[in-house]
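The values are calculated or read from the model by the stated rules, or taken from the named source; none is laboratory data. Here the structure is a predicted model, which means the values were calculated and not measured. Note that each Cβ is placed from the backbone with ideal geometry, even for glycine, and that neighbours are counted across all protein chains shown. SASA here: full protein model, heavy atoms, side chains in, ligands and nucleic acids out. Shrake-Rupley method; radii C 1.70, N 1.55, O 1.52, S 1.80 Å.
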Amino acid sequence: SSWLARQIVEVPVDDATRKWREWSGADSDEIIEAERQFAVQYKVHDAFRRARLFGGAGILIGAGPDDLLEPLDVEQIGKDDLRYLTVLDREDLTSGEIELDPTEALFGKPQYYRMRTNRGDNLEVHPSRLAIFQGHKRSRRGERGLTRYSIGWDMSVLQAVIEAVRGHDASMASLLALLSDAKTDVMKIPDLAMKVIDPNYEGMLVKRMEVAQMLRSIHRREALDAEEDLQSTTYAFSGMGEVIDRFMQVASAAADIPMTRLFGMSPKGLNTTGEGDLANYYDNVERRQRNELGPDIWALDADMISSMIGGRCGT
């Protein structure tokens, strides 16, 4: 329901996947066609977005033997073996037993995942059949006390920034409330405190206000009794803009996204363009592509390439 929270989740995903990538070599045309056929760019974008929002997601790789619990060996994937790529989030996948042997490749990760189908079946899936995308990293010690649906997954990126988002949203809501009361008319009526004691006076007072409002709206006139007085009060909003800016800066810092990109506005101040902040941010996007997205889709790429060309790609 918060546009700022949505921006924090989606902006880095859009920037990391927007330009996508290029393939070169003798088999590049087949690989590019495979990416189009299976909508790889869209599905990686979707899985990365779900991982940031929910703390984890995966892409189920439909290739190899039908038994999903059997490990998927890329060397055994022949040409045109890839049948589907399905995006799943952490609500679709429940982590199995965590591998606690540090000599195993899956140390600290689930030995398998459970996937519930619409038929009510629980399918067990080997990790090699999934390209797993994670959210904000959580230490293994931080998993103590988690429910079985959370073990094996990371945190949503919103958990670390939620207070900053709420502060920004609350400040904007307060400003809107003040704007609606920026101008208030005050009518002074003699002996009003004594008159309202009369139960019949309430209806006459309401009728009096309605007539005054009608005259003001239609004829732009005021009709007052000789002893009545009408005054208008206005509120000054000096300094409110600076307060809003501070909340925006806090949200931007918490999300690690510069204000220029997150809010679409240039920073204020002498000789400030925001170019340095944007350069640092796009360096951070490149880091995410290399350290987060890269490992997430290596297995996916290997299976897709083997299916398209019947073996590994040399370029």
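Points 7 angstrom from Cα along the Cβ direction at Ile162 and Asp256: gap in nanometres?
Placing both labels 7 Å along Cα→Cβ, they lie 2.0 nm apart.
When the chain is modelled as a GNM with alpha-carbon springs shorter than 10 Å, which of Asp89, Asp121, Asp46 fluctuates the most?
In this elastic network of the chain, the residue with the biggest mean-square fluctuation among Asp89, Asp121, Asp46 is Asp121.
Kindly provide log₁₀ I(q)/I(0) values, in the same order as q = 0.08, 0.11, 0.14, 0.16 Å⁻¹, from the Debye equation applied to equal alpha-carbon scatterers of the chain.
Relative scattering, expressed as log10 I(q)/I(0), comes to -0.57, -0.82, -1.13, -1.33.
Counting only the heavy atoms of the protein chains, how much of Ser24 is accessible to a 1.4 Å probe, in Å² to the nearest 10?
80 Å²
How much length would be gained if the chain were fully extended between Gln41 and Lys79, taking 0.36 nm per residue of separation minus their Cα-Cα distance, in nm to one decimal?
In short, 11.6 nm is gained.
Efficiency by 1/(1 + (r/R0)^6): what FRET value for Met240 and Asp191, r their Cβ-Cβ distance, R0 = 35 Å, to the nearest 0.05?
Step by step, r from the Cβ atoms, then E = 0.35.
Cut-off 10 angstrom, C-alpha nodes, Gaussian network model of the chain. Which of Ala39, Ala299, Ala26 fluctuates the most?
Fluctuation is largest for Ala26.
Can you give the calculated 222 nm mean residue ellipticity of the chain, where each DSSP H run of n ≥ 4 adds -39,500 (n - 2.57) and the sum is split over every residue, rounded to the nearest 500 deg cm²/dmol?
-13500 deg cm²/dmol
As a test question: what accessible area, to the nearest 10 Å², does Ile151 have when a 1.4 Å probe is rolled over all protein chains in place?
Accessible area of Ile151: about 50 Å².
Express in whole angstrom the spacing between the alpha-carbon centres of the stretch 1-17 and the stretch 76-105.
What the calculation gives is 26 Å, centre to centre.
Taking 35 Å as R0, compute the FRET efficiency from the Cβ-Cβ separation of Glu104 and Arg287 and round it to 0.05. Numbers along the way, then the final one.
Numbers: r = 28 Å, r/R0 = 0.79.
Once the sixth-power term is evaluated, E becomes 0.80.
Under 20 Å from a point placed 7 Å out from the Cα of Lys137 along the Cα-to-Cβ direction: which residues of the stretch 290-308 have their backbone N that close?
Hits in the stretch 290-308 for Lys137 at 20 Å: 290-299.
If you build a Gaussian network model of the chain, linking Cα atoms that sit under 10 Å apart, which residue out of Phe133, Phe48, Phe247 swings the most?
Highest fluctuation among the options: Phe247.
Could you tally the net charge around Ala16, taking each other residue with its Cβ under 15 Å from the Cβ of Ala16, Lys/Arg +1 and Asp/Glu -1? List each step's numbers first, then the result.
Numbers: positive: Arg18, Lys19, Arg21, Lys43, Arg49, Arg50, Arg52, Arg261, Arg287, Arg288, Arg290; negative: Glu10, Asp14, Asp15, Asp46, Asp256, Asp283, Glu286, Glu292, Asp296.
So the environment of Ala16 carries a net charge of +2.
Using the per-residue mean of other Cβ atoms lying within 10 Å as a proxy for protection, in what order, highest first, do the peptides 122-131, 200-209 fall?
On the way: 122-131: 18.9, 200-209: 11.4.
The most tightly packed comes first, giving 122-131, 200-209.
For Lys19, give me every one of the aspartates and glutamates with a C-alpha distance below 19 angstrom, ignoring sequence neighbours fewer than eight places off in its own chain.
Partners found: Glu10, Asp29, Glu33, Glu35, Asp46, Asp283, Glu286, Glu292, Asp296, Asp301.
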